[in-house]
Amino acid sequence: MSAPSPETTTTSDGARASLEALRTEIAKAVVGQDPAVTGLVVALLCRGHVLLEGVPGVAKTLLVRALAASLQLDTRRVQFTPDLMPGDITGSLVYDARTAEFSFQPGPVFTNLLLADEINRTPPKTQSSLLEAMEERQVTVDGTPRPLPEPFLVAATQNPVEYEGTYPLPEAQLDRFLLKLIVPLPSRQDEISVLTRHAEGFNPRDLQSAGVRPVAGPADLEAARAAVARTAVSTEIAGYVVDICRATRESPSLTLGASPRGATALLSAARAWAWLTGRDYVIPDDVKALALPTLRHRIQLRPEAEMEGVTTDSVITALLSHVPVPR
């Protein structure tokens, strides 16, 4: 394999620096959610979508808004409610009295970064309106497919399903999310930092006054994605990913294991993480680092295991300790 040209190396390094700078910019608005920030960057590199889950008030929406403010990308926000209709997201045909014809009025999905806020507060019919957009990156209305802009990322937030007025996302839609990131309650020190910022005048609705500025754009993403595509994956690493996913299908605690799409997603996320950490090849630790956010929403617990307090994360962690690691 020939060595990359100096221009390619410089572009790759510059793109990595720009994406690393996203963390600094987002930290100006959001305190103590570094894993979620890293997950969003990984999803951008993989052309994937992200589901953020956490109780109300842990800055899920602010996190995505800060990401949007740090990127030179077009952004739209949709507040999902029980009466939201599919056409409110994808767009619809509108009758024009002047021309006596129907014309297509694009919905908010025609953007680079779509913030789907509280996605599980709308019924499954409206949730599923995003399926084609997330998988095919197009919207079909009246039999005509209409491509979405590139890049395109759905960052959806949801409250835990135990909360009143929520609808669990269908398995088919969950599988379209590259990562499911858990946004936890902050530590005591982080919560003190949040209150201190507010006492000093921080306004979460005005990120510009907080100093959040665009530090990366489409060119950086394109260069970074090209570099990730060149990240080497050995046969042993590919086999390790497959063994982990096959182990989920054989686990007695699960009724549903990870599909081949889940294995592909895990490998893609591991390659992106490897590149972000400065390597051009994947190691087993990269796979382990992304196993939880990539697989936790693609598997289902047996009712008896759930009653015993078993969680999807604990099942995956146990499997990682048993699946042989390639040397």
Calculate for the chain the 222 nm mean residue ellipticity that helices alone would give, adding -39,500 (n - 2.57) per DSSP H run of length 4 or more and normalising by residue count, nearest 500 deg cm²/dmol. -13500 deg cm²/dmol
Residue 327 to residue 128: FRET efficiency via 1/(1 + (r/R0)^6), r the Cβ-Cβ distance, R0 41 Å, to the nearest 0.05? 0.40
Simple spin-label estimate for residue 79 and residue 264 in nanometres, 7 Å along Cα-Cβ: 3.7
Multiplying the sequence separation of residue 97 and residue 27 by 0.36 nm and subtracting their Cα-Cα distance, what value in nm do you get? 20.2 nm
In nm, what is the difference between 0.36 nm times the number of residues separating residue 104 and residue 235 and their Cα-Cα distance? 42.4 nm
Given a 10 angstrom Cα cut-off, can you work out which residue in 187, 18, 92 is the most mobile in a GNM of the chain? 187
Dipole of region 25-135, Cα-centred, from +1 at each Lys and Arg C-beta and -1 at each Asp and Glu C-beta, to the nearest 20 debye? 200
For the chain, what % of the accessible area comes from carbon and sulfur atoms, probe 1.4 Å? 54
Taking the Cα centre of region 213-327 as origin, sum charge times position over the Cβ atoms of Lys and Arg (+1) and Asp and Glu (-1), and report the length of that vector in debye to the nearest 20. 280
Which ³J(HN,Hα) values in Hz, rounded to whole numbers, follow from the phi angles of region 80-85 under the Karplus curve 6.51 cos²θ - 1.76 cosθ + 1.60, where θ = phi - 60° and Gly and Pro get x? 7, 10, x, 9, 5, 9
With a 1.4 Å probe and every protein chain left in place, work out the accessible area per residue of region 169-284 in Å², rounded to a whole number. 51
Would you mind calculating the gained length between residue 150 and residue 188 on full extension (0.36 nm times residue separation, minus the Cα-Cα distance), in nm to one decimal? 9.7 nm
Who wins for biggest fluctuation among 91, 54, 278 in a Gaussian network model of the chain, springs between alpha carbons below 10 Å? 278
Taking only Cα atoms and a 10 Å spring cutoff, compute GNM fluctuations for the chain and point out the largest among 304, 171, 25. 304
Cα gyration tensor shape of the chain, rounded if a/c is under 1.5, else prolate or oblate by comparing a/b with b/c: rounded
Could you state the number of Å between the C-alpha centres of region 258-305 and region 83-99? 39
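The values are calculated or read from the model by the stated rules, or taken from the named source; none is laboratory data. Fair warning: this is a prediction, and the values are worked out from it, not measured in the lab. Ideal geometry is used to build each Cβ from the backbone, glycine not excepted, and the neighbour counts take in all protein chains shown. The accessibility values were calculated without ligands, DNA or RNA, using every heavy atom of the protein model including side chains. Shrake-Rupley method; radii C 1.70, N 1.55, O 1.52, S 1.80 Å.
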